[in-house]
There are 2 protein chains.
Amino acid sequence: MEKKTINDLAIFSGPRLFDSLRSIGQLTAPPVEAYLEILRTVYEARNLTNDGALVRRLEANLCDYHGVQNCIALANAGLGLTMLAQVFAGGRAGEVIMPAFSFRGLPHFVRWAGQIPRFCDVDETTHGLDPASVAAVISDRTTSILAVANFNSPGCIDELSELGDRHGIPVFLDSVYGLGCTYKGVMLGGYGRAEVYSLHATKLLNGFEGGYVTTNDDNLAEVLRWQRNFTFPGWRPETLEAGCHVLGTNAKLNELHAGMALLSLERLQQTIERNKSRYKVYQEIFNGLEGLTLLSCGDETGEQRNYEMVIVELGAGWPLDREQTLSLLRAEGCAIGPYYSPALHRSEHCPPGCGDLALPVAESLSNRYLQMPVGEQMSTGDINALGGLLRFARRHGEAISARLKTAGRAA
Amino acid sequence: MEKKTINDLAIFSGPRLFDSLRSIGQLTAPPVEAYLEILRTVYEARNLTNDGALVRRLEANLCDYHGVQNCIALANAGLGLTMLAQVFAGGRAGEVIMPAFSFRGLPHFVRWAGQIPRFCDVDETTHGLDPASVAAVISDRTTSILAVANFNSPGCIDELSELGDRHGIPVFLDSVYGLGCTYKGVMLGGYGRAEVYSLHATKLLNGFEGGYVTTNDDNLAEVLRWQRNFTFPGWRPETLEAGCHVLGTNAKLNELHAGMALLSLERLQQTIERNKSRYKVYQEIFNGLEGLTLLSCGDETGEQRNYEMVIVELGAGWPLDREQTLSLLRAEGCAIGPYYSPALHRSEHCPPGCGDLALPVAESLSNRYLQMPVGEQMSTGDINALGGLLRFARRHGEAISARLKTAGRAA
């Protein structure tokens with residue numbers, strides 16, 4: 001419903017713009033009948049969990065998709081990051097270099113591997129690890145470098161890989177938001193020592209839950225297959241030296257998830273196309289809206305992008321601060337948040353002793369952005385309705401801000 | 001097919017007794033239509049992964065089943081053991097006391113939590129931690145005690161709990177094989193600080209994959225719910241002190257698994273009854289077979305048992321050694337193994353520096369047993385056929401053994 005006066009805003013007890021939540025997740029799913037048919041087959045085969053036929057097919061198809069030699073399907077992406085950090089550390093308790101402007105799970109994942117995070121600053125353009133910041137902190141305590149691909153760029157992969165090679169330190173990528181994207185014209189999947197992807201239901205490729213690692217390193221692939229299955233002796237790679245420090249875990253993906261991911265993979269390009277259509281509508285809206293700037297996903301470079309996220313920057317011309325804008329939109333039914341905020345070294349996810357750092361770019365970026373609702377729940381009509389709301393908020397910004405402050409004082 | 005001469009044995013190229021594998025897993029599953037119907041609902045609701053309606057219902061039903069205040073559903077049981085070892089350690093790198101005669105995953109699970117295993121000897125009768133062996137090694141490095149419930153006994157729970165209380169050290173239970181069993185007449189689930197169960201497809205309660213923790217400690221339950229969801233701030237328990245050392249992970253169970261587990265839970269008592277029928281047939285067979293003794297599951301004590309496993313002891317009257325017996329049965333189509341062998345401190349799963357111990361009971365038990373095929377793949381007719389094969393092997397043991405040795409030398 002269009003807002004006539006600020007009393008019509010949901011935050012001031014008006015009717016909500018969206019009657020069900022619009023979120024930041026992809027939430028796509030293939031037709032239910034196709035999925036149930038796959039499950040019937042799985043059910044009858046009774047090989048449900050341990051390296052079943054669908055898991056093998058998914059791994060093969062993902063190898064094709066990424067143009068990479070090995071894919072190791074896992075129960076989730078976080079386990080993949082933990083496993084790689086553990087393998088690369090080779091039994092040492094050290095530091096994993098990672099960006100301070102990123103997903104809040106990252107410092108936890110490496111700590112399970114007996115490592116602590118060494119937060120580095122990020123590049124203003126790619127939002128990924130700044131090679132100079134990394135070079136400055138590499139030491140004999142560094143056991144690996146975890147680079148992160150963002151929605152707008154895979155980051156400075158060549159520079160980081162070269163840095164890693166020079167110091168003999170493995171570089172690996174959290175490529176969860178880089179699925180379907182290219183770096184220098186080549187599909188992500190074979191960069192660094194390994195890359196990690198997610199199959200979570202809110203992500204571009206939906207396996208309900210799950211993740212996978214891609215790598216061109218055959219030995220590493222064998223180690224990961226052994227590691228995900230408790231390091232049971234029958235799976236031990238023949239090439240592996242005695243006394244290695246690989247810890248076993250249960251990180252197997254099962255057939256329920258592999259079946260769903262297979263169907264989603266068949267439809268991935270269409271999903272990306274739908275994302276692109278939505279992104280184009282958002283582009284038009286923010287082109288005409290002073291104070292809010294859409295961050296480019298980087299497709300103007302000719303690189304492939306997945307259009308999975310829509311991030312806007314709040315500028316001087318926008319009349320509300322970020323908290324106010326968030327409250328306003330959440331009240332209308334947008335399940336959104338700020339983007340990678342606060343920076344990890346300033347957050348409660350920072351382990352003791354790891355946060356006393358000045359990382360100006362990460363700190364600045366973490367204060368500037370807002371995520372917009374995306375994915376299959378967000379129709380073109382919804383996006384235009386949201387555009388209307390934002391224009392309304394722009395026009396009545398001072399009055400809204402004043403009333404929110406009064407309400408805040410009264411509360 | 002009945003064997004007439006030893007040439008008829010599959011190991012000597014005769015036809016196999018079982019044309020498809022008979023395993024040590026339960027592999028039960030509710031009717032496929034019931035499961036697909038649940039999935040259709042889940043699919044349409046689109047709340048697939050994060051604390052959905054089925055997960056909540058499963059947790060509530062498991063609380064009722066175990067008679068316990070809290071159940072926390074997890075992606076698998078190993079994650080539950082790791083999470084508890086991590087929480088109990090409170091940020092310290094220490095030792096988790098555990099039995100040396102147990103599942104080979106255990107030392108790995110606690111190492112992910114930054115702990116090393118301190119292997120202890122087990123009790124000859126319960127096969128669980130021997131309280132005297134535990135008392136002898138408790139030190140200021142001990143961060144927790146991991147007791148394991150076995151198919152034949154939940155172990156010395158009272159003695160271990162008392163020991164833990166006296167030293168202020170949390171005791172927790174791997175109760176994966178104790179599901180449906182009682183200790184002093186009370187259903188397992190509320191013992192120690194917490195218990196961990198599995199929902200793996202090969203276990204008694206089939207969720208395809210998954211696990212859960214039960215506990216009467218409300219604060220611990222809140223911490224685990226927070227921990228399984230990346231320790232995201234929105235889930236942080238209000239009671240938790242600042243600066244706590246809880247590491248976040250992705251250990252959420254999703255609706256696909258919860259739906260299956262709910263159906264399996266409704267049928268759990270029938271599954272146990274079918275296991276009991278099979279166990280009784282095995283009892284008759286081994287009563288009449290010199291040299292192989294069926295280990296009692298302990299139901300003669302009046303305690304409830306789940307009859308999930310069938311373990312036999314090879315005695316002096318049995319003409320083949322364990323390796324020979326295993327080879328013979330595997331060739332006939334039995335996907336079986338020795339039982340908890342080798343002892344963990346003697347195995348490749350023992351971390352460097354943790355194995356220089358004399359644990360005579362664990363070492364002795366680990367050399368004595370063999371697991372028999374069980375579960376839904378094993379009909380009463382199959383068990384009787386296996387009995388016939390074993391009686392044949394008993395009668396022709398010397399000839400079989402001699403021929404296997406000749407073949408071994410020739411190879």
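The values are calculated or read from the model by the stated rules, or taken from the named source; none is laboratory data. Keep in mind that this is a model prediction, so the values were computed, not measured. Backbone-built Cβ (ideal geometry, glycine too); neighbour counts: all protein chains shown. Ligands, DNA and RNA are excluded from the accessible area calculation, which covers all protein heavy atoms including side chains. Shrake-Rupley method; radii C 1.70, N 1.55, O 1.52, S 1.80 Å.
Computed quantities for the displayed model
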| quantity | calculated |
| --- | --- |
| Pairs with Cβ under 7 Å, 6+ apart, first in the range B:236-262 and free of Cβ contacts under 8 Å to residues at least 40 places away in the same chain and at the interface with chain A (Cβ under 10 Å from one of its Cβ atoms), second hydrophobic (A, V, I, L, M, F, W, C) and open to solvent by 20 Å² or more (accessible area, probe 1.4 Å) | B:Gly248/B:Phe230 |
| Set B:Phe172, B:Phe101, B:Phe109: member being hydrophobic (A, V, I, L, M, F, W, C), in contact with a helix residue (DSSP H, G or I) (Cβ under 6 Å, 6 or more places away or on another chain) and in a strand (DSSP E or B) | B:Phe172 |
| Test for A:Gly210: is it small (Gly, Ala, Ser) and closer than 16 Å to A:Ala261 by Cβ | yes |
| Exclusive hit being of a type in the set (A, V, I, L, M) and more than 18 Å from the chain's Cα centre (by Cα), set B:Ile138, B:Ile157 | B:Ile138 |
| A:Ala60 being surrounded by fewer than 23 Cβ atoms within 10 Å (Cβ to Cβ), more than 14 Å from every other protein chain (Cβ to nearest Cβ) and at pLDDT 95 or above | yes |
| Number of the exception - B:Cys120 against (1) of a type in the set (A, V, I, L, M, F, W, C); (2) more than 16 Å from A:Gly114 (Cα to Cα); (3) facing chain A (nearest Cβ under 10 Å) | (3) |
| Residue in the range B:151-166 that is in contact with a helix residue (DSSP H, G or I) (Cβ under 6 Å, 6 or more places away or on another chain), among the acidic types (Asp, Glu) and at negative phi present | yes |
| Filter result for B:Glu290 (charged (D, E, K, R) and open to solvent by 70 Å² or more (accessible area, probe 1.4 Å)) | yes |
| Selected residue (criterion: nearest to A:Leu292 (Cα to Cα)) from residues of the range A:362-383 that are part of a helix (DSSP H, G or I) and open to solvent by 10 Å² or more (accessible area, probe 1.4 Å) | A:Ser364 |
| Qualifying position, being away from every other protein chain (no Cβ under 14 Å), in contact (Cβ under 8 Å) with a residue 24 or more places away in the chain and either open to solvent by 10 Å² or more (accessible area, probe 1.4 Å) or aromatic (Phe, Trp, Tyr) (or both), among B:Leu359, B:Leu390, B:Leu386 | B:Leu359 |
| Pair list, Cβ under 6 Å, 6 or more apart: the range B:19-47 residue more than 30 Å from B:Val310 (Cα to Cα), other residue of a type in the set (D, E, K, R) and in a helix (DSSP H, G or I) | B:Val42/B:Glu255 |
| Any hit, the range A:63-84, residues being open to solvent by less than 20 Å² (accessible area, probe 1.4 Å) and out of contact with any strand residue (DSSP E or B) (no Cβ under 9 Å at 6 or more places or on another chain) | yes |
| Whichever residue in the range A:342-356 is in a helix (DSSP H, G or I) and not aliphatic (A, V, I, L, M) and, among such residues, is surrounded by the most Cβ atoms within 10 Å (Cβ to Cβ) | A:His345 |
| Long-range neighbours under 7 Å by Cβ, at least six apart or interchain, first residue touching a residue at least 12 places away in the same chain (Cβ under 8 Å) within the range B:115-130, second among the hydroxyl-bearing types (Ser, Thr, Tyr) and crowded, with 24+ Cβ neighbours inside 10 Å | B:Gln115/B:Thr143 |
| Matching entry among A:Arg166, A:Arg111, A:Arg141 (being away from every other protein chain (no Cβ under 14 Å) and closer than 30 Å to B:Ile116 by Cα) | A:Arg141 |
| Residues of the range A:218-235 that turn out to be in a loop (DSSP other than H, G, I, E, B), buried (at least 20 other Cβ atoms within 10 Å of the Cβ), at negative phi and facing chain B (nearest Cβ under 10 Å), as a count | 0 |
| The range B:300-316, residues that are out of contact with any strand residue (DSSP E or B) (no Cβ under 9 Å at 6 or more places or on another chain) and open to solvent by less than 40 Å² (accessible area, probe 1.4 Å) | B:Asn306, B:Tyr307, B:Glu308 |
| Test: residue in the range A:151-159 that is buried (at least 24 other Cβ atoms within 10 Å of the Cβ), part of a loop (DSSP other than H, G, I, E, B) and of a type outside the set (Gly, Ala, Ser) | yes |
| Among the residues listed as A:Gly14, A:Gly25, the single one being among the small types (Gly, Ala, Ser), over 30 Å from B:Ser264 (Cα atoms) and within 14 Å of chain B (Cβ to nearest Cβ) | A:Gly25 |
| From the options B:Ala29, B:Ala34, B:Ala93, residue that is closer than 25 Å to B:Val137 by Cα, among the aliphatic types (A, V, I, L, M) and surrounded by fewer than 22 Cβ atoms within 10 Å (Cβ to Cβ) | B:Ala93 |
| Answer residue from the range B:70-97, given it is under 14 Å from B:Val196 (Cα atoms) and away from every other protein chain (no Cβ under 14 Å) and is farthest from the chain's Cα centre (by Cα) among those | B:Asn70 |
| Test for B:Ala45: is it within 12 Å of another protein chain (Cβ to nearest Cβ), hydrophobic (A, V, I, L, M, F, W, C) and under 29 Å from B:Gln377 (Cβ atoms) | no |
| Selection from the range B:175-217 of residues that are open to solvent by less than 10 Å² (accessible area, probe 1.4 Å) and part of a helix (DSSP H, G or I) | B:Gly178 |
| Residue count for the range A:116-141, restricted to those that are within 7 Å of A:Ile97 (Cβ to Cβ) and buried (at least 23 other Cβ atoms within 10 Å of the Cβ) | 3 |
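Yes or no, residue by residue, for (1) open to solvent by 10 Å² or more (accessible area, probe 1.4 Å); (2) away from chain A (no Cβ under 14 Å); (3) under 30 Å from B:Asn61 (Cβ atoms):
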{"residue": "B:Arg274", "(1), (2), (3)": "yes, yes, yes"}
{"residue": "B:Trp318", "(1), (2), (3)": "yes, yes, no"}
{"residue": "B:Arg322", "(1), (2), (3)": "yes, yes, no"}
{"residue": "B:Thr325", "(1), (2), (3)": "no, yes, no"}
{"residue": "B:Gly333", "(1), (2), (3)": "no, yes, no"}
{"residue": "B:Tyr340", "(1), (2), (3)": "yes, no, no"}
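Residue-wise test of (1) touching a Cys at 6+ places or on another chain (Cβ under 7 Å); (2) β-branched (Val, Ile, Thr); (3) more than 28 Å from A:Leu81 (Cα to Cα); (4) within 14 Å of chain A (Cβ to nearest Cβ).
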{"residue": "B:Gly105", "(1), (2), (3), (4)": "no, no, no, yes"}
{"residue": "B:Val148", "(1), (2), (3), (4)": "no, yes, yes, no"}
{"residue": "B:Val171", "(1), (2), (3), (4)": "no, yes, yes, no"}
{"residue": "B:Ser175", "(1), (2), (3), (4)": "no, no, yes, no"}
{"residue": "B:Gly178", "(1), (2), (3), (4)": "no, no, yes, no"}
